[in-house]
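Structure record follows, encoded as structure tokens.
The values are calculated or read from the model by the stated rules, or taken from the named source; none is laboratory data. All of these numbers come straight from a predicted model, not from anything done at the bench. Using ideal geometry, Cβ is built from the backbone for each residue, glycine included, and neighbour counts are taken over all protein chains shown. What goes into the accessible areas is simple: the full protein's heavy atoms, side chains included, and nothing from ligands, DNA or RNA. Shrake-Rupley method; radii C 1.70, N 1.55, O 1.52, S 1.80 Å.
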Amino acid sequence: MREEIIAVLDQLEEVLVQHAHPELAAGMKAYMKQKFDYIGIQKPLRVQITKPFLKQLNDLKADPSEILRFCWAKHEREWQYVGMDYALKAKKLWKADWLTTLEYCITHKSWWDTVDALAVHGVGGWLQDRSELRVLTVERWRHSEALWLERTAILFQLMYKKETDAALLADLCLQFAHSKEFFIQKAMGWALRQYARTNSIWVRDFVATHPLPKLTQREALKHQKT
């Protein structure tokens, strides 16, 4: 990583430490079921104080993959959020290793707060215009027996609207229809509910004619008129 980029990250770390709030950190850790330690900086303040540093990184054309991996190596959870704040918006700087980096981050320090953003805005953005890679990637992830890669395979089309591959969505839901995993059942319902904004009839018919988990059904039809 270039020296000027390291300098920006060092300055950013100083500012984050200055805003440490142990009491808030304890509450944030508890909310995340004690999975991660926090500095104690809530999102509105984090966005405010990191904005000028992220702009500097963008001006320096910092590699999004390098920034994500740097932030994933940090202990406190805010660093992962900062990495995503930068990398997921720096689309013009995404390179050939982007998907590899995303898979690494999805499978390390994994929880819904990072996985969902990486799935929808990272993987979804990268695979949308790469049909061959999309087929190969989804096929590998759906059979990986890795929870967060399976969830990503279900969620990555969330923002595709009319470009959603409904046949793929249906196939994934049928594959995982008997899953007892909360995060899989919820993901299927979320994906179906989102697609219902584009094709509500298809979703209603699909849910009515296939044996999906109750949670998935409720989530899928949440905003459907009865």
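In sequence order, what are the phi-derived ³J(HN,Hα) couplings for region 87-92 according to the Karplus relation 6.51 cos²θ - 1.76 cosθ + 1.60 with θ = phi - 60°, rounded to whole Hz, with x for glycine and proline?
5, 6, 9, 8, 4, 5
Of the heavy-atom accessible surface of region 3-50 (probe 1.4 angstrom), what whole percent is carbon and sulfur?
54 percent
Diagonalise the Cα gyration tensor of the chain and give the resulting equivalent ellipsoid semi-axes, square root of 5 times each eigenvalue, largest first, whole Å.
Taking √(5λ) for each eigenvalue gives 34, 20, 15 Å, largest first.
List, in order, the whole-Hz ³J(HN,Hα) value for each residue of region 42-48 obtained from phi through the Karplus relation with A = 6.51, B = -1.76, C = 1.60 and θ = phi - 60°; use x for Gly and Pro.
6, 3, x, 6, 4, 4, 5
Using a 1.4 angstrom probe, figure out how much accessible area region 64-164 has per residue, in square angstrom, rounded to the nearest whole.
In whole numbers, region 64-164 has 45 Å² accessible per residue.
Can you figure out the FRET efficiency of L45 with W112, using R₀ = 25 Å and their beta-carbon distance, to the nearest 0.05?
Efficiency for this residue pair is about 0.70.
Need the full-extension length gain, S144 to K33, defined as separation in residues times 0.36 nm minus the C-alpha distance. One decimal, nm.
37.4 nm
Given the rule -39500 (n - 2.57) for each run of at least 4 DSSP H residues, summed and divided by the residues of the chain, what is its mean residue ellipticity at 222 nm, to the nearest 500 deg cm²/dmol?
-19000 deg cm²/dmol
Sorted by packing (mean other beta-carbon atoms within 10 Å per residue), highest first, where do 194-203, 6-15 land?
Descending packing order for the listed peptides: 194-203, 6-15.
Between E132 and Y104, what's the calculated FRET efficiency when r is the beta-carbon distance and R0 is 30 Å? Round to 0.05.
E(calc), rounded to 0.05, equals 0.85.
In nm, what is the difference between 0.36 nm times the number of residues separating E14 and A73 and their Cα-Cα distance?
Gain in length upon complete extension: 19.6 nm.
What percentages, rounded to whole numbers, describe P(r) for region 107-226 computed over all alpha carbon pairs with 10 Å bin width beginning at zero?
14, 50, 32, 4, 0
Can you work out ³J(HN,Hα) from phi for every residue in region 138-151, in order, using Karplus 6.51 cos²θ - 1.76 cosθ + 1.60 and θ = phi - 60°, giving whole Hz and x for Gly and Pro?
5, 4, 5, 5, 5, 10, 7, 6, 10, 3, 6, 6, 4, 4
Distances longer than 17 Å among the Cα atoms of region 1-122: what percent of all pairs is that?
54 percent
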